[in-house]
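The values are calculated or read from the model by the stated rules, or taken from the named source; none is laboratory data. Predicted model, so just to flag it, every value in this text is computed and none were measured. Glycine gets a Cβ as well: all are built from the backbone with ideal geometry, and neighbour counts include every protein chain shown.
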């Protein structure tokens with residue numbers, strides 16, 4: 001025994017020395033993410049991925065869009081599309097932007113007839129960004145003739161949108177997620193770690209939480225889901241404003257109205273990534289630029305005609321804005337007090353105007369609804385305005401006579417309501433869309449040219465002045481003084497079409513306190529009761545910005561007295577309270593600016609619930625209205641993590657139980673040994 | 001990694017301790033008390049150490065010598081606490097022995113004293129396992145698993161459970177060695193315990209290197225088995241001694 005001790009001591013000392021010096025030669029290179037608490041560990045284990053989902057939308061006959069197939073989360077291992085071969089269980093397919101159109105048009109339709117691929121798709125992740133190839137080819141998930149059922153002419157086979165794939169109008173029984181930049185890097189980092197680990201025992205999975213309430217409740221069309229309360233109808237608030245303000249109380253001496261229309265809503269396959277830069281936001285920005293230019297012109301009250309600016313929403317989903325506006329005109333409701341159907345002499349719509357620049361010249365095409373004196377006046381005014389520019393870099397051309405009619409635009413709804421409408425829509429294309437990304441998530445700021453928008457705004461501003469003064473011999477000096485502020489237009493484009501600065505830009509924050517930074521130009525749902533004086537919490541950021549902006553620009557200052565208002569009410573009836581959000585205390589200005597609810601004419605809100613009205617033959621557009629609704633949901637999210645195969649886990653458990661029982665027996669043996677040794681005396 | 005894996009890891013770290021508890025400690029209430037108090041002492045030592053080191057945190061993660069200092073200071077502190085714990089135990093032993101004399105019951109046997117030391121060591125070991133392994137185990141009951149870059153062959157939870165098991169063994173049996181060493185004045189035994197503790201602590205620093213756990217963990221188990229062997233030898237020696245001692249008196 002005595003010999004053993006020194007040996008033991010020696011061994012122990014050697015170990016200590018070794019252990020102190022052993023770490024020295026090892027370099028501590030490489031990144032360490034230090035984990036300082038259990039929540040830190042959980043965050044590293046379950047990586048939350050940022051992105052944009054595709055959600056479930058319903059109409060009268062069925063559903064479109066994407067959702068989890070059942071009531072629970074979808075957990076499926078991630079695999080790249082090019083590695084897909086003979087899958088056994090459902091997988092999450094990672095698709096590059098190039099492969100996206102192909103995947104949905106060719107692979108997924110096999111879903112219904114080829115069961116082998118169908119049940120193998122657990123979920124889909126689309127990478128963000130677009131390749132050069134895509135930029136050349138274009139990708140539009142909409143139809144060849146968007147909203148053809150509302151066309152006032154017979155040729156519904158005409159291909160206005162040649163790059164169409166129609167994928168956004170189909171129903172998918174699995175979740176689809178567009179990864180953002182940060183989400184994509186998180187997923188790629190996660191997948192690259194796999195190379196260093198045991199591939200056989202683990203798999204990287206994506207967990208989708210995209211359970212839609214309509215799937216849970218089993219309501220698969222608008223009527224059923226509105227009854228159950230598992231969905232809400234699409235809609236929003238359109239804004240109109242008149243320059244100069246209309247005296248509502250005196251109903252006589254009303255001037256004829258020149259109505260300028262633009263729309264503020266777009267859509268795409270992914271609910272929250274639809275900037276709609278060229279279609280239709282470029283038109284909206286041109287309208288706002290024109291309003292800004294015209295607000296600096298004196299003497300509007302002396303002109304012969306009244307200018308009214310109308311920005312519609314919900315146009316993508318069955319022309320909800322224009323149909324409801326025209327309906328309210330029929331009802332002579334409060335929302336349109338001061339306007340009347342008979343007073344509207346001519347309508348000018350500003351459509352997509354962001355891609356008119358080519359070879360230094362901005363070319364726009366005027367599509368007219370029909371030949372009439374009013375449309376001829378508009379076309380002449382456009383020509384005079386075009387010629388008034390010294391730089392001569394704007395050209396307005398009439399649309400090709402072989403076109404079947406006006407392109408898809410709000411004017412289609414106006415025409416269907418009243419085929420005698422004299423209207424012109426200004427677009428940057430002639431026979432087919434110049435926008436290769438119509439209603440795609442790729443129709444962003446890089447898809448429009450700001451100088452094209454500035455040119456459109458300038459020509460529209462001057463055209464409106466000419467129309468309002470009803471005098472073709474307007475002096476060039478008067479016209480020359482109407483200048484659009486190009487930096488204002490550029491700033492506004494950055495506010496409405498990007499996430500930085502997005503809606504937190506100074507221009508927008510001057511008028512409202514935005515709830516989101518990223519502008520989501522999707523129309524959204526109608527929450528609460530529709531009214532002309534809505535609760536501002538249910539009105540979208542862009543609508544509120546437009547209301548405040550137009551109210552300020554079209555206001556007249558009666559002397560220098562500006563009174564403050566809080567709680568949004570002013571003493572005089574012809575005044576409105578603007579900028580009440582950001583400054584807490586707004587200013588009262590004399591202006592006629594109103595919200596008009598935009599929702600389907602087939603819907604009625606009563607007692608806290610929506611009901612669908614029966615078909616009415618007098619409402620021809622209501623007869624073909626799909627009545628779009630959006631499903632409610634609890635949470636939408638995506639996370640990725642590594643999962644051990646269950647065989648491994650069970651083996652671990654078995655091994656541990658073995659170790660514990662072995663230890664127990666070992667201790668029993670030792671105990672009996674000791675007892676025996678003690679009892680030996 | 002699901003409930004099965006979570007329970008598995010918990011059992012790995014604490015299974016043998018559970019067996020020891022059930023077969024030895026739970027038979028005598030006094031041992032349970034000893035276990036609980038030594039757990040408390042160990043936790044208090046951790047609190048004091050964390051208070052001392054708070055101004056220096058967070059330590060830079062890519063240099064190893066601050067961690068070496070941390071281990072060194074912690075081991076020194078805990079070993080001195082072990083000595084104090086033994087002193088307290090001696091006082092308690094005197095009280096118990098005099099009480100036994102008064103009520104004419106036998107005094108503490110050698111096996112009793114060994115069992116008390118064992119309970120003390122187990123308390124230390126269990127506290128270590130709970131603190132350094134079980135507290136991190138909650139995420140392991142979920143569906144995901146986790147691999148650390150520097151030890152990429154096995155899941156993180158598995159490695160931490162294996163290391164915790166080694167330390168439980170080391171703490172449990174080194175307390176027995178230490179108590180005997182202090183009682184008998186045996187210098188070797190007294191010195192070997194801090195040495196084992198320190199070397200075990202330093203060996204964990206080897207895990208800092210890339211794939212260092214492949215070397216570090218087996219070496220740690222070497223230390224643990226050394227502790228076990230030395231303790232076994234020592235206990236055997238003492239038993240033979242006491243048998244020889246008590247033998248002549250009975251005859």
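Please determine, by comparing only the residues of the range B:153-179 that are away from chain A (no Cβ under 13 Å) and under 30 Å from residue B:110 (Cβ atoms), which one is surrounded by the most Cβ atoms within 10 Å (Cβ to Cβ).
Of everything passing the filter in the range B:153-179, B:171 is surrounded by the most Cβ atoms within 10 Å (Cβ to Cβ).
Counting only residues that are in contact (Cβ under 8 Å) with a residue 12 or more places away in the chain and part of a loop (DSSP other than H, G, I, E, B), how many does the range A:32-83 have?
16
Does residue B:235 count as at the interface with chain A (Cβ under 8 Å from one of its Cβ atoms), crowded, with 21+ Cβ neighbours inside 10 Å and in a helix (DSSP H, G or I)?
yes
Taking residue B:11 and the conditions (1) more than 9 Å from every other protein chain (Cβ to nearest Cβ); (2) free of Cβ contacts under 8 Å to residues at least 60 places away in the same chain; (3) surrounded by 13 or more Cβ atoms within 10 Å (Cβ to Cβ), which numbered condition does it fall short on, given that it satisfies the others?
With (1) more than 9 Å from every other protein chain (Cβ to nearest Cβ); (2) free of Cβ contacts under 8 Å to residues at least 60 places away in the same chain; (3) surrounded by 13 or more Cβ atoms within 10 Å (Cβ to Cβ) applied to residue B:11, the lone miss is (1).
Given the criterion outside any strand (DSSP E or B) and surrounded by 14 or more Cβ atoms within 10 Å (Cβ to Cβ), identify the matching residue among A:618, A:600.
A:600
Can you say whether residue A:272 is touching a strand residue (DSSP E or B) at 6+ places or on another chain (Cβ under 9 Å), in the same structural domain as residue A:501 (by the TED database), surrounded by fewer than 24 Cβ atoms within 10 Å (Cβ to Cβ) and over 19 Å from residue A:369 (Cβ atoms), as far as the supplied structure shows?
Yes, satisfied.
Can you pull out the residues in the range B:135-151 that are in a loop (DSSP other than H, G, I, E, B) and closer than 20 Å to residue B:204 by Cα?
Residues satisfying the conditions are B:137, B:146, B:147, B:149, B:150.
Conditions tested, residue by residue: (1) at the interface with chain B (Cβ under 8 Å from one of its Cβ atoms); (2) more than 30 Å from residue A:121 (Cβ to Cβ); (3) at pLDDT 55 or above; (4) in contact with a helix residue (DSSP H, G or I) (Cβ under 8 Å, 6 or more places away or on another chain).
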{"residue": "A:8", "(1), (2), (3), (4)": "yes, yes, yes, yes"}
{"residue": "A:15", "(1), (2), (3), (4)": "yes, yes, yes, yes"}
{"residue": "A:27", "(1), (2), (3), (4)": "yes, yes, no, no"}
{"residue": "A:41", "(1), (2), (3), (4)": "yes, yes, yes, yes"}
{"residue": "A:49", "(1), (2), (3), (4)": "no, no, yes, yes"}
{"residue": "A:61", "(1), (2), (3), (4)": "no, no, yes, no"}
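Given (1) within 14 Å of another protein chain (Cβ to nearest Cβ); (2) assigned to a helix (DSSP H, G or I); (3) farther than 30 Å from residue B:241 by Cα, identify the lone condition not met by residue B:51.
(1)
Every residue, every condition in (1) away from every other protein chain (no Cβ under 13 Å); (2) surrounded by 14 or more Cβ atoms within 10 Å (Cβ to Cβ); (3) within 16 Å of the chain's Cα centre (by Cα); (4) not in a helix (DSSP H, G or I), yes or no:
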{"site": "B:6", "(1), (2), (3), (4)": "no, yes, no, no"}
{"site": "B:26", "(1), (2), (3), (4)": "no, no, no, no"}
{"site": "B:55", "(1), (2), (3), (4)": "yes, no, no, no"}
{"site": "B:86", "(1), (2), (3), (4)": "yes, yes, yes, no"}
{"site": "B:93", "(1), (2), (3), (4)": "yes, yes, no, no"}
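Going residue by residue through the range A:176-183, is there one that turns out to be at pLDDT 90 or above, part of a loop (DSSP other than H, G, I, E, B), buried (at least 21 other Cβ atoms within 10 Å of the Cβ) and in contact with a strand residue (DSSP E or B) (Cβ under 7 Å, 6 or more places away or on another chain)?
Among the residues of the range A:176-183, not one is at pLDDT 90 or above, part of a loop (DSSP other than H, G, I, E, B), buried (at least 21 other Cβ atoms within 10 Å of the Cβ) and in contact with a strand residue (DSSP E or B) (Cβ under 7 Å, 6 or more places away or on another chain), which makes the answer no.
Condition check ((1) in a loop (DSSP other than H, G, I, E, B); (2) in contact (Cβ under 8 Å) with a residue 60 or more places away in the chain; (3) over 30 Å from residue A:92 (Cβ atoms)) across all residues:
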site: A:191; (1), (2), (3): no, yes, no
site: A:208; (1), (2), (3): no, yes, no
site: A:216; (1), (2), (3): no, yes, no
site: A:241; (1), (2), (3): no, yes, yes
site: A:275; (1), (2), (3): yes, yes, no
site: A:281; (1), (2), (3): no, yes, yes
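Just one of (1) assigned to a helix (DSSP H, G or I); (2) within 14 Å of another protein chain (Cβ to nearest Cβ); (3) farther than 29 Å from residue B:140 by Cβ trips up residue B:63, so point out which.
(1)
Among what's in the range B:138-148 and is surrounded by fewer than 21 Cβ atoms within 10 Å (Cβ to Cβ) and more than 7 Å from chain A (Cβ to nearest Cβ), pick the residue that is nearest to residue A:207 (Cα to Cα).
Selected residue: B:142.
Looking at A:338, A:359, which one is surrounded by fewer than 18 Cβ atoms within 10 Å (Cβ to Cβ), at positive phi, over 31 Å from the mean Cα position of the chain (by Cα) and assigned by the TED database to the domain that holds residue A:456?
Values: A:338 fails: surrounded by fewer than 18 Cβ atoms within 10 Å (Cβ to Cβ).
Just a single option satisfies the conditions, and that option is A:359.
Which residue, of B:223, B:206, B:193, B:217, is part of a helix (DSSP H, G or I), more than 10 Å from every other protein chain (Cβ to nearest Cβ) and surrounded by 19 or more Cβ atoms within 10 Å (Cβ to Cβ)?
B:217
Determine if the range A:433-451 includes at least one residue that is in contact with a strand residue (DSSP E or B) (Cβ under 6 Å, 6 or more places away or on another chain), more than 19 Å from residue A:140 (Cβ to Cβ) and in a helix (DSSP H, G or I).
yes
Kindly indicate the residue of the range B:95-137 that is surrounded by fewer than 13 Cβ atoms within 10 Å (Cβ to Cβ) and within 14 Å of chain A (Cβ to nearest Cβ) and also nearest to residue B:160 (Cα to Cα) among those meeting that condition.
Only one residue tops the list, namely B:135.
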